[in-house]
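Encoded as structure tokens, the structure appears first; notes follow it.
Just so it is clear, none of the values below were taken in a lab; they were calculated from the coordinates. Values in this document were obtained by computation on a predicted structure and should not be read as measured data. Don't worry about glycine lacking a Cβ; one is built from the backbone with ideal geometry, like all the others, and counts go over all protein chains shown.
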Amino acid sequence: MTTSTNGDGPRAGVVEAERERVTPPPESTLPAPETTPDAAPEKAPGWGLPLVVLIAGMFMSILDISIVNVAIPVIRQDFGVSAENIQWISTSYSLTEGVVVPVSAWLGVRFGLKRLYIWALLLFTVASVLCGMADGLGAMIFFRIMQAIPGGILPVTCLTLLFRIVPPQKLGAAMGLYGLGIVVAPGVGPTLGGYLVENVDWRLIFYINIPIGVIGAIAAVMVLPKTPGESTRTFDLLGFISIAGAMFSLLLALEKGSTWGWTSYPVLILLAVATNLLAFFVVIELQVKQPLLNIRVLKHWPFVNSLLLISAISVGLFAVLFYIPLFLQSVQRLSPWNTGLVLLPQALTMAVLMPIAGQLYDKFGARWPAVVGLSLTGGGILWLSRINVDISRGELVIGLVAMAAGMALGMMPIMTGGLASLPPEVTDVGSAFNTLTQRVTSALGLAALTAVVTVDKAQFMADRSGLLQSSGANVDQRITQMADQGQSGLIPLWQQLSNQVQTQAYSNAFFIAGSITLVGVLLAFGLKSGPQAQGGDKPMAH
């Protein structure tokens with residue numbers, strides 16, 4: 001049976017009407033999908049200003065850690081306490097932060113990310129003011145614990161918010177800017193802290209947080225998108241107790257291992273408690289319906305690979321940030337301010353290259369920025385292993401700048417690639433694991449390197465002391481001359497020997513840290529290349 005196709009007559013009208021009924025209207029005429037108040041924040045073009053607000057909060061929380069370390073000797077003198085007791089200013093902060101980070105993801109879901117970020121900023125600011133007003137060690141430790149609570153919440157909340165408000169195709173650029181708070185702050189801290197301690201007052205290192213915190217909180221209220229909480233979200237109490245106890249025990253053992261002795265009963269007990277509680281935590285999280293931290297995110301190999309690479313970078317970064325200032329101040333006798341000036345070029349290098357690294361990630365993916373970055377970082381740290389008592393500041397700056405360039409190029413692409421491989425609904429858990437990995441591996445790596453340095457110093461001191469003949473025909477002429485001057489004449493010789501031994505031990509530590517970082521280059525080849533959309537192996541639904 002055939003029909004006419006000439007468009008004349010009633011039949012043609014019926015066919016045309018039928019065609020209009022079954023053909024969908026153009027896409028531009030379709031009604032926009034309805035949105036609900038509980039919808040996730042829209043990834044709109046206007047994410048730049050909210051990102052600046054997040055960077056400010058992150059920068060403040062990270063800066064406070066490094067800037068306080070510079071002031072500890074002055075605070076000790078002001079409070080009149082022992083060197084061992086004054087370290088609790090840093091230890092109490094680290095322990096509290098390790099306990100708070102695991103619960104940060106749950107807090108964000110329960111109360112809303114925006115509300116949590118604002119309250120964390122305000123609490124951090126108030127605690128900073130109280131730290132500046134402290135008149136004794138006990139008060140200072142208590143206020144530092146108060147400060148560490150929001151200090152542990154801020155990194156997780158900032159990173160989760162960033163992934164909610166930034167479009168997937170712009171994640172690299174955004175993370176490059178965000179990385180200024182993570183990596184640049186530790187480099188700027190010693191310089192700023194050294195200046196304030198020497199020329200103003202150590203209490204100002206806490207008071208400078210006031211304008212940042214207040215302005216940041218006001219800006220957050222105005223520009224951050226709403227992120228409603230889930231009032232029905234239950235709290236995994238057993239999971240929190242187990243992971244909090246594990247982190248507290250592990251970090252305390254790492255902090256005090258060199259003081260108490262790595263084979264002492266307290267340290268061994270703490271490590272055993274941490275191991276058992278971590279195992280208990282895994283069992284709990286696999287059983288409960290709403291886990292505190294969904295450990296199933298570790299089934300995503302790209303994310304696990306990024307955690308391993310972050311660990312390698314963290315060990316190298318914190319080893320350099322810890323030992324180079326010690327060398328400059330204890331061996332080369334530089335003031336805190338001049339020590340900060342030596343460290344400043346690395347901070348400036350990272351500040352320049354971080355945004356560029358983000359753009360490289362958006363264009364090429366994580367693999368090649370990570371490979372180049374880890375190579376430069378490892379090479380720079382190995383360059384620093386050439387350290388000796390008389391090394392020039394220029395030689396130190398070369399190694400520091402090379403390391404900083406590698407950190408800037410590799411750190412954020414690695415972190416971004418790992419988090420982008422996860423489904424969007426577990427980004428908050430990934431952020432918590434990222435923060436925990438950085439804290440634990442930096443503490444673990446530094447503790448291990450400190451143990452190596454301690455052993456090496458004892459061995460080098462014994463070896464070099466044996467080379468100095470104190471009697472007989474082959475007696476060292478320096479000992480004979482100093483003996484004629486009295487026993488006090490041996491002090492300069494002992495100081496010189498101690499500096500050489502200390503520097504050689506640092507050299508070995510840098511060689512180990514640099515080698516670990518270079519091993520990470522092999523893992524970096526396993527990262528994905530090319531632009532990657534958020535959502536992991538499965539594409540996001542539209």
Assign unit charges at the C-beta atoms only (+1 for Lys and Arg, -1 for Asp and Glu), then state the dipole size of the stretch 301-533 relative to its Cα centre in Debye, rounded to the nearest 20.
-> 200 debye
So who's got an amide H within less than 5 Å of the one on residue 365, skipping anything under 5 residues away but keeping other chains? H placed 1.01 Å off N, in plane.
-> 530
Taking the stretch 236-291 as the region of interest, what is the percent of Cα-Cα pairs per 5 angstrom bin, listed from the shortest bin to the one with the maximum distance?
-> 4, 24, 25, 18, 12, 9, 6, 3, 0
Report, as a whole number in µm² per second, the diffusion coefficient that Stokes-Einstein gives for the stretch 61-157 at 4 °C and 1.567 mPa s using the Kirkwood radius over alpha carbon pairs.
-> 94 µm²/s
According to the Kirkwood expression over distinct Cα-Cα pairs, how big is the hydrodynamic radius of the stretch 42-234, in Å?
-> 17.2 Å
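Which shape class, rounded, prolate or oblate, goes with the stretch 301-533 when its Cα gyration tensor gives a ≥ b ≥ c as root eigenvalues, a/c under 1.5 marks rounded, and past that a/b bigger than b/c marks prolate?
Judged from the Cα gyration tensor, the stretch 301-533 comes out prolate (a/c at least 1.5, a/b above b/c).
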Residue pairs, from the table 299/363; 114/170; 289/363, whose Cα atoms sit over 31 Å apart = 289/363
Arranged from highest to lowest average of other beta-carbon atoms within 10 Å per residue, in what order do the peptides 209-215, 422-428 appear?
-> 422-428, 209-215
Rounded if a/c is under 1.5, else prolate if a/b is larger than b/c, else oblate: which is the stretch 339-394, with a ≥ b ≥ c the root eigenvalues of its Cα gyration tensor?
-> oblate
Dividing the mean separation of Cα pairs under 8 Å (6+ apart) by the residue count of the stretch 42-234 yields a relative contact order in percent of 44 percent
Let me know the shape class of the stretch 144-275, please: from the alpha-carbon gyration tensor, a ≥ b ≥ c as square roots of the eigenvalues, rounded when a/c is under 1.5, otherwise prolate if a/b is greater than b/c, or oblate.
-> oblate
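Where in the stretch 250-343 are there trypsin sites (Lys or Arg not before Pro) that are in a DSSP coil and have at most 11 other Cβ atoms within 10 angstrom of their Cβ?
289, 333
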How compact and how long is the stretch 239-376, expressed as Rg and Dmax of its alpha-carbon atoms in Å?
-> 20.2, 57
Say the dipole of the stretch 42-234 comes from +1 at the beta carbon of Lys and Arg and -1 at that of Asp and Glu; which of 209, 141, 119 then lies farthest toward its positive end?
-> 119
